[in-house]
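Report on the structure given below.
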Amino acid sequence: MPGKPFVYLDHAATSWPKAQGVAEAMSTFLAHEAGNPGRGGHALAQAAQRVMDEARAGLAKLINAESPDRMVLTYGCTDAINLAIHGVVSCARCSTGNPAGVVISSVEHNAVGRPAETHRCEGTAEVRLAQCDSEGFVTPEAVLEQCDEHTSLVCVTHSSNVLGTIQPIAEIGKSLRSQFPNTLFLIDAAQTVGVLPIDVRAMGVDLMAIGVHKGLRGPTGIGALYVGPRAYPDDGEPRIACCRQGGTGVLSRDLTMPPGLPSALEAGTPNTVGAAGVVAALKKTSLGSIDDERRLLFRVIERFQNDSRVTFFGPRDPNRRTAVLSMNIDGHDPRELATLLDSSFGLATRAGLLCSPLCHESIGTFPDGVLRISLGPQSTEEVVDAFCDALGAVLSATATTR
Ligand code: PMP
């Protein structure tokens, strides 16, 4: 838009701009290498297979998965969560004949809340909520309180897209394994992969849903589900069923899905163009500290902390949050405020429920939600000051019209 300023403060929705080289890698792949992987021995098919293998291996390394084969490539983080929840519920029901026990935290995104609610409505799962505290933290105790010997799956988001709260995943994982060794632990890492260090083995995680278009600054339309050995043993019965079936390019004479990972859970022609983007994005990923982004967000808090009309949400300790800051301004509907910030100041923010109604019910901001700003590695002091100045102007205008 010529002449109009554009200040991007919505990195938690998706990164912008993408990592350097992502767009070029995708268009080069599409022009020269876009065969169908695993579906032929010719040069194009092999080139596409190489890109898929490279994406899988790079993602596996990033989260310390046991092997690249444990990274099931999906069409995004939501898709990965769906595979995990439907797959585990289906297996648990088959083996017990009863509804599966599922525990989710009270800050979950609809990517978790809706699949869980679908099972609750259909009577295929009994779903319980592990309640967060006022800063959005879900403690191991809050999770364990909701579990019993019938709990097949616990799901906790690594960091809330509303509050930025970084959950104590390793502590929850450790307590779960010691007290409920048959329960699988699923993490929604939409907001943290490429942002925080992740080690699925050290964290006691069995399933991890990953998107690549936020912290990794890769393309949309591709993600991955890490499937650990307790969920899908090398030898022994899988505890996650395949909820989509189709061609895999291997063992085609069978009408059942191949038994080994990743093919057991992947069906159909994959997003190879996206995989080329993932490979390029991974080359630019350096899990540096996010202290700079945190410091910038605290600049906003410091500027308005003495103004009683502004309420900030999330952890007070900057080291326990990602670069997401939600707030409410007395007398302003968050969505109208976001529209005003966009149209009058060129500020791209996000407002409303942010697809996380459960979280808003927990912190008392349902049904209007909040105004959220979220930063990325390229965010600068100027960008944050532009937001502060605009908010200051809105507050002054409100004061004079009252
Ligand atoms: N979980 C969380 C916490 C998220 O923030 C998002 C994206 N807003 C998702 C899941 C879903 O990610 P996607 O839309 O990329 O599938």
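The values are calculated or read from the model by the stated rules, or taken from the named source; none is laboratory data. Source: prediction; values computed, not measured. In this analysis, Cβ positions are derived from the backbone assuming ideal geometry, glycine residues included, and neighbour counts consider all displayed protein chains. Note: accessible area is taken over every heavy atom of the protein model, side chains too, but ligands, DNA and RNA are not part of it. Shrake-Rupley method; radii C 1.70, N 1.55, O 1.52, S 1.80 Å.
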**Prompt:** What list of ³J(HN,Hα) values in whole Hz, one per residue of the range 192-203 in order, does the Karplus curve 6.51 cos²θ - 1.76 cosθ + 1.60 (θ = phi - 60°) give from phi, with Gly and Pro shown as x?
**Reply:** 10, 5, x, 10, 10, x, 10, 9, 4, 6, 5, 8
**Asked** Which whole-number percent is the relative contact order of the range 22-283 (Cα, under 8 Å, 6+ apart)?
**Response** 26 percent
**Asked** What residues qualify as long-range amide H neighbours of GLU126, i.e. H under 5 Å apart, gap of 5 or more or another chain, H built at 1.01 Å from N?
**Response** ALA100, GLY101, VAL102
**Item:** In Å², nearest 10: area of ARG39 left accessible to a 1.4 Å probe
**Value:** 90 Å²
**Request:** Averaging over all projection directions, find the projected area of the Cα convex hull of the chain and quote it in nm² with one decimal place.
**Result:** 20.8 nm²
**Request:** Take the Cβ-Cβ distance between LEU340 and SER134 as r, set R0 to 41 Å, and report the resulting FRET efficiency rounded to the nearest 0.05.
**Result:** 0.90
**Prompt:** Taking θ as phi - 60°, what are the ³J(HN,Hα) couplings along the range 235-245 by the Karplus curve (6.51, -1.76, 1.60), each to the nearest whole Hz, with x for Gly and Pro?
**Reply:** 10, x, 6, x, 10, 10, 8, 8, 9, 9, 10
**Prompt:** When ligands, DNA and RNA are left out and all protein chains stay put, how many square angstrom of accessible area per residue does the range 22-283 have with a 1.4 Å probe?
**Reply:** 40 Å²
**Request:** Show me 150-161, 248-259 ranked by packing, highest mean number of other Cβ atoms within 10 Å first.
**Result:** 150-161, 248-259
**Request:** Return the aspartates and glutamates within reach of LYS214: Cα separation strictly under 12 angstrom, same-chain partners fewer than 8 residues apart disregarded; answer none if there are no such residues.
**Result:** ASP10
**Prompt:** Probe 1.4 Å, all protein chains in place: accessible area of ASP342 in Å², nearest 10?
**Reply:** 70 Å²
**Request:** With a/c under 1.5 counting as rounded, go ahead and sort the range 10-85 into rounded, prolate or oblate using the C-alpha gyration tensor (a ≥ b ≥ c being the square roots of the eigenvalues; past the cut-off, prolate if a/b is larger than b/c, else oblate).
**Result:** oblate
**Item:** Partners for LYS61 among aspartates and glutamates (Cα-Cα distance below 17 Å; same-chain residues under 8 apart left out)
**Value:** ASP53, ASP69, ASP199, ASP206
**Request:** For the range 295-319 and the range 197-247, compute the distance between their C-alpha centroids and round to whole Å.
**Result:** 35 Å
**Prompt:** Hey, what do the phi angles of the range 259-275 turn into as Karplus ³J(HN,Hα) couplings, whole Hz, using 6.51/-1.76/1.60 and θ = phi - 60°, x for Gly and Pro?
**Reply:** x, x, 6, x, 4, 4, 10, 10, 9, x, 5, x, 7, 5, 5, x, 4
**Prompt:** How much of the accessible area of the chain, in percent, comes from carbon and sulfur atoms when a 1.4 Å probe is used?
**Reply:** 52 percent
**Prompt:** Taking a probe of 1.4 angstrom, what is the accessible area of PHE6 in Å², to the nearest 10?
**Reply:** 100 Å²
**Asked** Over what distance in Å are the Cα centres of the range 63-136 and the range 330-368 separated?
**Response** 27 Å
**Request:** Please give the calculated 222 nm ellipticity per residue for the chain, where each DSSP H segment of at least 4 residues contributes -39500 (n - 2.57) and the sum is spread over every residue; nearest 500 deg cm²/dmol?
**Result:** -12000 deg cm²/dmol
**Prompt:** By accessible area of protein heavy atoms, probe 1.4 Å, what ranking do HIS119, HIS109, HIS32 get, highest first?
**Reply:** HIS32, HIS109, HIS119
